[in-house]
Ligand SMILES: Nc1ncnc2c1ncn2[C@@H]1O[C@H](COP(=O)(O)OP(=O)(O)OP(=O)(O)O)[C@@H](O)[C@H]1O
């Protein structure tokens, strides 16, 4: 049975690059005045400020080098430029030369959400495989099916000038009678990967790169640690040519870091300081709600703001996500809900519609807290704050906030230098204290927004997105 970041242990909870909004080139006076127009304008400004940020040595998007100087093959450079990348980000500039050097060396790489880690490991996989050998050579694991599908779309887009062949190892995506995978890069979730390896559908003899995205989650004993270790143990051990192990995440809490060091021995390391964990471009707010029911009222009041761009609402339980979405839909609002109790086809259809902008508000659980990259998302709401006890039974009744999950959740906005806002709903002393602990841990102010003055609320939020 597959256990993804989807609450296998606790049935009540849960644990393809997006097209960017079109750049507006019309003069200001010709543009229609509407909330959407503000968003289009802000995406125009994004392209301008991106160049500024990539030239600022203090920005995580900065690099002194060009992609040409990083030792990438010509067909990969073409793929990168086709995606609209002009300069590497800091993590790409620092990690790629280390990842591509020979003999291959393990890597434990950390960089803030939305700063381009995917390209670093995807380019490594695409650089290391032998295109004439039709056998699995690079394996990449991610915690959710949505993230595995997204990574795959980056592999395919970046590798479009190569002859790379790819295959999924996610539930319900491979024909049942498949007997021999000949693809070179396999992306998936650990449960399905183990199944394919055990049944010898996936021959691991030629694997030379093993990547864990969201590595702290993939290695956490509360999460997918056991399964990930089983995948590793099913890989061949050749002391003369060990497999290159690559771990990436925006967070590496101490208890996972020591395990990561054993999992990827003698690794090159790129680490963040505690105060660097979240990006500056995400402005954090909170709203004082009177009680649980008032949270719903406030969310409904926020609807027009949530739909200026796109937004993701995080809840603790699947049933909360469903209940809010049913209620809002019945009241005439257009929202979708996504969580691990839905079947594979439904999940794929919901996230695809959201990516395409067909739905603007997605109500979900921790299932998509990590990795999901949708540039138009400019607002994240923590309807329920993430807590340690959401992680699974090993965390017992631990009601402390889950700082890592908070960082990943708010990181669904503010991607690659874009502006974004996050709003936490607090409704009693305990939730207020939990939020206070998050503020202290991250060393960043979480600003109060008035809930009974709609105009002021709108003003504050629009200003934050400017
Ligand atoms: N060098 C670049 N130039 C322009 N855009 C880039 C560059 N590198 C990555 N991007 C874009 O930035 C966005 C964020 O990248 P990515 O999803 O890899 O972030 P990440 O660091 O993996 O974030 P997370 O920690 O949330 O998983 C993507 O839309 C990606 O296409």
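Just one of the numbered conditions (1) assigned to a loop (DSSP other than H, G, I, E, B); (2) under 21 Å from residue 391 (Cα atoms) is not true of residue 308: (2). Does residue 371 fit the bill of being touching a helix residue (DSSP H, G or I) at 6+ places or on another chain (Cβ under 6 Å) and either modelled with pLDDT of 95 or more or away from the ligand (no atom under 15 Å from the Cβ) (or both)? Yes; evaluated as a whole, the condition is true for this residue.
For region 228-246, the set of residues classified as out of contact with any strand residue (DSSP E or B) (no Cβ under 9 Å at 6 or more places or on another chain) and farther than 20 Å from residue 128 by Cα consists of 229, 230, 233, 234, listed by residue number.
With respect to residue 139, determine if the residue is under 22 Å from the mean Cα position of the chain (by Cα), surrounded by fewer than 24 Cβ atoms within 10 Å (Cβ to Cβ), under 29 Å from residue 278 (Cα atoms) and more than 10 Å from the ligand (Cβ to nearest atom). In short, no. Going residue by residue through region 392-412, is there one that turns out to be away from the ligand (no atom under 15 Å from the Cβ) and more than 20 Å from residue 316 (Cα to Cα)? No.
Listed here are the residues, each with its yes/no results for (1) modelled with pLDDT under 95; (2) within 21 Å of the chain's Cα centre (by Cα); (3) crowded, with 17+ Cβ neighbours inside 10 Å; (4) not in a helix (DSSP H, G or I).
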| residue | (1), (2), (3), (4) |
| --- | --- |
| 217 | no, yes, yes, no |
| 239 | yes, no, no, yes |
| 258 | yes, no, no, no |
| 295 | no, no, yes, no |
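Can you find even one residue in region 313-334 that is within 16 Å of the ligand (Cβ to nearest atom), assigned to a loop (DSSP other than H, G, I, E, B), in the same structural domain as residue 406 (by the TED database) and surrounded by fewer than 17 Cβ atoms within 10 Å (Cβ to Cβ)? No: zero hits.
Could you tell me whether any residue of region 348-363 is assigned to a helix (DSSP H, G or I), within 30 Å of residue 226 (Cα to Cα) and touching a helix residue (DSSP H, G or I) at 6+ places or on another chain (Cβ under 8 Å)? Yes: one or more hits. Considering region 92-108, the residues that are more than 7 Å from the ligand (Cβ to nearest atom) and closer than 22 Å to residue 55 by Cα include one that is farthest from the chain's Cα centre (by Cα), namely 97. With respect to the stated conditions, residue 50 is within 13 Å of the ligand (Cβ to nearest atom), closer than 28 Å to residue 378 by Cα, part of a helix (DSSP H, G or I) and not assigned by the TED database to the domain that holds residue 373.
Annotation: of all residues in region 64-85 being under 22 Å from the mean Cα position of the chain (by Cα) and in a loop (DSSP other than H, G, I, E, B), the one that is surrounded by the fewest Cβ atoms within 10 Å (Cβ to Cβ) is 84. Being crowded, with 19+ Cβ neighbours inside 10 Å, on the phi > 0 side of the Ramachandran plot and not assigned by the TED database to the domain that holds residue 224 is the requirement here; does residue 340 meet it? Against the criterion (crowded, with 19+ Cβ neighbours inside 10 Å, on the phi > 0 side of the Ramachandran plot and not assigned by the TED database to the domain that holds residue 224), residue 340 does not qualify.
Annotation for region 425-434: no member residue is within 16 Å of the ligand (Cβ to nearest atom), surrounded by 21 or more Cβ atoms within 10 Å (Cβ to Cβ), under 21 Å from residue 337 (Cβ atoms) and modelled with pLDDT of 95 or more. Just one of the listed residues (285, 248, 252, 210) is under 24 Å from residue 371 (Cα atoms) and part of a loop (DSSP other than H, G, I, E, B), and it is 252. Filtering 159, 116 for residues that are at pLDDT 95 or above, crowded, with 20+ Cβ neighbours inside 10 Å and within 11 Å of the ligand (Cβ to nearest atom) leaves a single hit, 116. Listed by first and then second residue, the pairs linking a residue in region 99-114 that is over 30 Å from residue 376 (Cα atoms) to a residue that is within 9 Å of the ligand (Cβ to nearest atom), with Cβ atoms under 7 Å apart and 6 or more places separating them unless they lie on different chains, are 99/120.
The values are calculated or read from the model by the stated rules, or taken from the named source; none is laboratory data. Every value quoted in this text rests on a predicted model; they were computed, and no experiment measured them. Backbone-built Cβ (ideal geometry, glycine too); neighbour counts: all protein chains shown.
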